[in-house]
């Protein structure tokens, strides 16, 4: 799976326009094959502007390309048609870790390990009755 994160800054003058556009994009993206989940979230600042994130989880890159309809993964529907809703933005993609594909090294425990990191004999620290 691929996690796509768009982070951006919305100026106070663009907040209302952004909300309308974001809800429209969210409605659209949720209809595309290969989408697992999508959300838009915001953090409001004292000046009335907002930091926003658009997080979407996709089955694979092909699904993202299908949604965007372009070959540049840095394109975003939030900035189409020359609109400047976001005063700054960044797009990042992450490959989700699949627990079935993660191979952890074998760990052999020889006995208790204490805070100082020193191993102790099995009988050490036992109280006799």
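Bear in mind these aren't lab numbers, they're just calculated from the coordinates by the rules spelled out. This is a predicted model, so every value here is computed, not measured. FYI the Cβ positions are ideal-geometry reconstructions off the backbone, even for glycines, and counts take in every protein chain you see.
Here is how the numbers come out for the structure above:
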{"read-out": "Length added when fully stretched, residue 53-residue 39, from 0.36 nm per residue minus Cα-Cα", "value": "4.2 nm"}
{"read-out": "Exposure proxy ranking, count of Cβ atoms within 10 Å, fewest first, for 42, 30, 4", "value": "30, 42, 4"}
{"read-out": "Inter-site label distance for residue 46 and residue 72 at 7 Å from Cα along Cβ, in nm", "value": "3.7 nm"}
{"read-out": "Sorted by Cβ neighbour density within 10 Å, fewest at the top, the residues 67, 58", "value": "67, 58"}
{"read-out": "Ranked list, fewest to most other Cβ atoms within 10 Å of each Cβ, for 89, 54, 61", "value": "61, 89, 54"}
